[in-house]
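I have a structure here, written as structure tokens, and I will follow up with some questions on it.
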Amino acid sequence: MTEKRKIAVLISGNGSNLQAIIDAANQPDFLAQIALVISNEADAHGLERAKQAGIATEVISHIGHALREDFDRKMHAALLAANVEFVCLAGFMRLLTPWFINQWPNKLINIHPSLLPAFKGTHAIEQAFDAGVKVTGCTVHFVRPQMDAGPIIAQSAIDILDDDTLHSVAERMHEAEHALYPEVINWLAGERIDVTNERVTIHRLTH
Ligand code: GRF
């Protein structure tokens, strides 16, 4: 079997998407392995999930840097030291500098809990719920310097039903995220994603 591609996952909190990636990566046919988890928060629950799975972790606090780029340079150094090819943001709550983003051209992805370009920013599930939309969902996209922008790789829609609460929508959203994100990472590791003129094409398997 060919060697799995090394990825890093950047988190700030619970890490349920990280857990979905860990579980997927345990499958023999998954093409990526998590070489490093970085959190900017020392008490992120996702760090425990990584440790449970025997994955290397680093805490790099965003506090105490003169410049935002200094924090990003520290993370970049850790990513290079871990020899990763791809970086996946999974509930990472810091805006990255253009400098950092440019180090990872089409190798840095994010998952966002809305059907972008609708409902960018924080509390996206709540924004959609409050707006009364009947369909929302999650988006995996390449990261660009503008927040929650960048070429869309894949989306998964969920209905918002009449008897839904914010909580029930959030639950369904997370289920959708946990299915979609590992799948996209597998495509990335399998070099099935092309970006031309900021539009994404996925090469489907023909067999
Ligand atoms: C997810 O909803 C993700 O889309 C957003 O932040 C949340 C992270 O949740 N970017 P978790 O830490 O993976 O549980």
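The values are calculated or read from the model by the stated rules, or taken from the named source; none is laboratory data. Please read all numbers here as calculations on a predicted model, not as lab measurements. For neighbour counting, all protein chains shown are included, and Cβ atoms are generated from backbone atoms with ideal geometry for every residue, glycine included. SASA here: full protein model, heavy atoms, side chains in, ligands and nucleic acids out. Shrake-Rupley method; radii C 1.70, N 1.55, O 1.52, S 1.80 Å.
Of the numbered conditions (1) of a type outside the set (D, E, K, R); (2) in contact with a His (Cβ under 9 Å, 6 or more places away or on another chain); (3) open to solvent by less than 40 Å² (accessible area, probe 1.4 Å), Q19 fails exactly one; give the number of that condition.
It fails just one condition, (3).
Read through the list (1) closer than 26 Å to A124 by Cα; (2) touching a residue at least 24 places away in the same chain (Cβ under 8 Å), then give the number of the only condition that E69 fails.
Tallying (1) closer than 26 Å to A124 by Cα; (2) touching a residue at least 24 places away in the same chain (Cβ under 8 Å), E69 fails exactly one: (1).
Go through (1) out of contact with any helix residue (DSSP H, G or I) (no Cβ under 6 Å at 6 or more places or on another chain); (2) of a type in the set (A, V, I, L, M, F, W, C); (3) closer than 23 Å to N106 by Cα; (4) within 16 Å of the ligand (Cβ to nearest atom) for A24 and report which single condition fails.
(1)
Yes/no matrix, rows are residues, columns are (1) open to solvent by 60 Å² or more (accessible area, probe 1.4 Å); (2) touching a residue at least 12 places away in the same chain (Cβ under 8 Å):
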| position | (1), (2) |
| --- | --- |
| E85 | yes, yes |
| L89 | no, yes |
| L96 | no, yes |
| F100 | no, yes |
| Q103 | yes, yes |
| L108 | no, yes |
| H123 | yes, no |
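Quick check on my filter: what residues within region 23-50 are farther than 18 Å from E191 by Cα, open to solvent by less than 10 Å² (accessible area, probe 1.4 Å) and touching a strand residue (DSSP E or B) at 6+ places or on another chain (Cβ under 7 Å)?
Result: L36, V37, I38, S39, A44, G46, L47, A50.
Can you pull out every residue in region 83-120 that is among the polar types (S, T, N, Q) and within 30 Å of L166 (Cα to Cα)?
Filtering region 83-120 for residues among the polar types (S, T, N, Q) gives 83, 97, 102-103, 106, 110, 114.
Selection gives N110, S114.
Okay, next question. Restricting attention to region 51-66, and to residues there that are without any contact (Cβ under 8 Å) to a residue 12 or more places away in the chain and open to solvent by 60 Å² or more (accessible area, probe 1.4 Å), which single residue is nearest to Q33 (Cα to Cα)?
As a first pass, look at region 51-66 and keep what is without any contact (Cβ under 8 Å) to a residue 12 or more places away in the chain: 51-52, 54, 63-66.
Cutting the leftovers down to open to solvent by 60 Å² or more (accessible area, probe 1.4 Å) gives us 51-52, 54, 63-64, 66.
Values: K51: 14, Q52: 15, G54: 12, I63: 29, G64: 31, A66: 34 Å.
Of everything passing the filter in region 51-66, G54 is nearest to Q33 (Cα to Cα).
Is one or more of the residues making up region 122-135 in contact with a strand residue (DSSP E or B) (Cβ under 7 Å, 6 or more places away or on another chain), away from the ligand (no atom under 14 Å from the Cβ), among the β-branched types (V, I, T) and more than 30 Å from E69 (Cβ to Cβ)?
yes
Restricting attention to strands (runs of 3 or more DSSP E) lying wholly within region 97-166, give those where 1 or more residues are of a type in the set (D, E, K, R). Walk me through it before giving the result.
On the way: elements: 108-112, 135-142, 152-159.
Qualifying strands (runs of 3 or more DSSP E): 152-159.
Within region 189-198, does at least one residue satisfy the condition of being more than 16 Å from the ligand (Cβ to nearest atom), open to solvent by less than 80 Å² (accessible area, probe 1.4 Å) and in contact with a Pro (Cβ under 8 Å, 6 or more places away or on another chain)? Break it down into steps so the answer makes sense when it comes.
Here is the first cut: in region 189-198, the residues more than 16 Å from the ligand (Cβ to nearest atom) are 189-198.
Next, from what is left, pick out any that are open to solvent by less than 80 Å² (accessible area, probe 1.4 Å): 189-190, 192-195.
Subset that is in contact with a Pro (Cβ under 8 Å, 6 or more places away or on another chain): 195.
Looking for residues that are more than 16 Å from the ligand (Cβ to nearest atom), open to solvent by less than 80 Å² (accessible area, probe 1.4 Å) and in contact with a Pro (Cβ under 8 Å, 6 or more places away or on another chain), one finds at least one in region 189-198, hence yes.
Taking the criterion of being of a type in the set (D, E, K, R) and closer than 20 Å to C138 by Cβ, would at least one residue in region 103-114 satisfy it?
no
State which residue is nearest to V195 (Cα to Cα) when the search covers only region 111-120 and only residues that are open to solvent by 20 Å² or more (accessible area, probe 1.4 Å), within 13 Å of the ligand (Cβ to nearest atom) and in contact (Cβ under 8 Å) with a residue 24 or more places away in the chain.
Among those that are open to solvent by 20 Å² or more (accessible area, probe 1.4 Å), within 13 Å of the ligand (Cβ to nearest atom) and in contact (Cβ under 8 Å) with a residue 24 or more places away in the chain, it is L115.
Give region 1-21 a look and list any residue that's touching a strand residue (DSSP E or B) at 6+ places or on another chain (Cβ under 8 Å) and more than 11 Å from the ligand (Cβ to nearest atom), or say none.
K4, R5, K6, I7, A8
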